[in-house]
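Written out below as structure tokens is the structure these notes cover.
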Amino acid sequence: GEDVEQSLFLSVREGDSSVINCTYTDSSSTYLYWYKQEPGAGLQLLTYIFSNMDMKQDQRLTVLLNKKDKHLSLRIADTQTGDSAIYFCAENRYGGATNKLIFGTGTLLAVQP
Amino acid sequence: KAGVTQTPRYLIKTRGQQVTLSCSPISGHRSVSWYQQTPGQGLQFLFEYFSETQRNKGNFPGRFSGRQFSNSRSEMNVSTLELGDSALYLCASSLNQGEKLFFGSGTQLSVL
């Protein structure tokens, strides 16, 4: 189907690792993105991965991509209260000629002090 | 470098009116896209512009339109507003089509 799926809610304690999961639909998607949205704000691009990569690490963020299962995950190490936000995964399934992204439903990450 | 700038930040309109939203992309970015965000439907693609031409359009009625100017700035227009048009409208820009998208803070439109 069309939907990019994410779990709705994740609660972790400060200092723990958070793992946010996403299942996308099109194996031909070229880019996969993670965005963060804080209350009343727009979308902040956190990181992205090309479809020919399995893993990408950027400071506290690690993205894992399993193309066979169409599964994408975002791991946040040493989660802080400032990481509390909604996280969206998105796929560009139409190749490099367009900016039409299909977004997941978003995962609300709550970090307990 | 300044980010994507959207104006106004908030807007209140009544049914039947029309509205124009404005977006200034990151300097040097040539592609501008618009998205609608609602609690019920999530983030949905409206349209994208590159070199003053609409390159792609989402599944929205003709009341939704847009344009891009020679300096890459973009506007979107919604005519004959309906209650269901209440949403956060997000503009995003990228250097070229198919590249990383950077979003503005959005315009929160409320239709009464």
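The values are calculated or read from the model by the stated rules, or taken from the named source; none is laboratory data. All figures in this text were calculated on a predicted structure; none of them were measured in a lab. Note that each Cβ is placed from the backbone with ideal geometry, even for glycine, and that neighbours are counted across all protein chains shown. Just the protein is used for accessible areas: all its heavy atoms, side chains included, with ligands, DNA and RNA removed. Shrake-Rupley method; radii C 1.70, N 1.55, O 1.52, S 1.80 Å.
Here are some notes:
- Residue among A:Tyr24, A:Tyr35, A:Tyr94, A:Tyr31 that is open to solvent by less than 20 Å² (accessible area, probe 1.4 Å), modelled with pLDDT under 90, on the phi < 0 side of the Ramachandran plot and of a type in the set (Ser, Thr, Tyr): A:Tyr24
- Candidate set: the stretch B:76-109, residues that are open to solvent by 40 Å² or more (accessible area, probe 1.4 Å) and more than 25 Å from A:Leu32 (Cβ to Cβ); chosen: the one farthest from the other protein chains (Cβ to nearest Cβ): B:Thr80
- Residues of the stretch B:1-14 that turn out to be farther than 19 Å from A:Ala41 by Cα and surrounded by 14 or more Cβ atoms within 10 Å (Cβ to Cβ), as a count: 1
- Evaluated against (1) outside any loop (DSSP other than H, G, I, E, B); (2) more than 25 Å from A:Pro39 (Cα to Cα), B:Gln37 falls short on exactly one condition, (2).
- Scan the stretch B:15-30 for residues that are open to solvent by less than 70 Å² (accessible area, probe 1.4 Å) and assigned to a loop (DSSP other than H, G, I, E, B) and the total you get is 5.
- Leading residue by the ranking (nearest to the chain's Cα centre (by Cα)) among those in the stretch B:52-73 that are more than 10 Å from every other protein chain (Cβ to nearest Cβ) and open to solvent by less than 60 Å² (accessible area, probe 1.4 Å): B:Gly66
- Exactly one residue out of A:Leu109, A:Leu32, A:Leu74, A:Leu10 is within 14 Å of chain B (Cβ to nearest Cβ), in a strand (DSSP E or B) and touching a residue at least 24 places away in the same chain (Cβ under 8 Å): that is A:Leu32.
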